[in-house]
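Quick one: this structure, given as structure tokens, is what I'll be asking you about.
Computed from the coordinates by the stated procedures, all read-outs in this text should not be read as laboratory data. Given the structure is predicted, the values throughout are model-derived calculations rather than measurements. Note: ideal-geometry Cβ built from the backbone for every residue, glycine included; neighbour counts use all protein chains shown.
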Amino acid sequence: MGAVLRRAPCALLVALAIAPAASARVNDGRGLGFLWPADGILSSPFGPRAGGFHPGIDIGSLQDLTVRAASSGRVAATGALMGYEGYGYVVVLDIGGGFTTVYAHLAHALARTGALVARGDTIGIAGCTGWCMGTHLHFELRDHGRAVDPMWLFRLAHTASLIQGG
């Protein structure tokens, strides 16, 4: 399993760096990292936690309920979906190279299936649908369906911004 987790970041970097124009990827000059998708703080990290494994991160203490695309991609699915039981209303973005991002517990999905979205576009309104204990955004990065820790991509974006004087 360790080898799979080590390959995931490399594969995603390659997918983001050489994605074809048809994937609607935007180059905003800040590198390959993700944009933080909601105006809040990390309230629950990826990984083991009491009662099981948390396959994403939670962003809570929201200053506003707008949910933004962390990366450009095509909307693969929205709504209350099979396979996402407990997640409530979701938006799933196909960001290329076998990677998807999942935005869950939304009050409303604003993006439409099949639409191309750019990094930073508004795709939903945070809420507390499904199994949750208060308004927050649950965010996941999946590599061919397997959850991987997205935090290194947020750190990559922040580091690139600092290097470029942002």
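Separation between the Met82 and Ala115 pseudo-spin-labels, each 7 Å from Cα along Cα→Cβ, expressed in nm?
Result: 2.5 nm between the two label points.
At 7 Å along the Cα-to-beta-carbon direction for both Thr66 and Ala50, put a label point, then send me their distance in nm to one decimal.
About 3.5 nm, to one decimal.
Based on Cα positions only, what radius of gyration and what Dmax would you give for the range 31-86, in angstroms?
Gyration radius and largest Cα-Cα distance of the range 31-86: 13.4, 36 Å.
Between Ser43 and Asp94, what is the label-to-label distance in nm when each label sits 7 Å out along the Cα-to-Cβ direction?
It is 3.2 nm.
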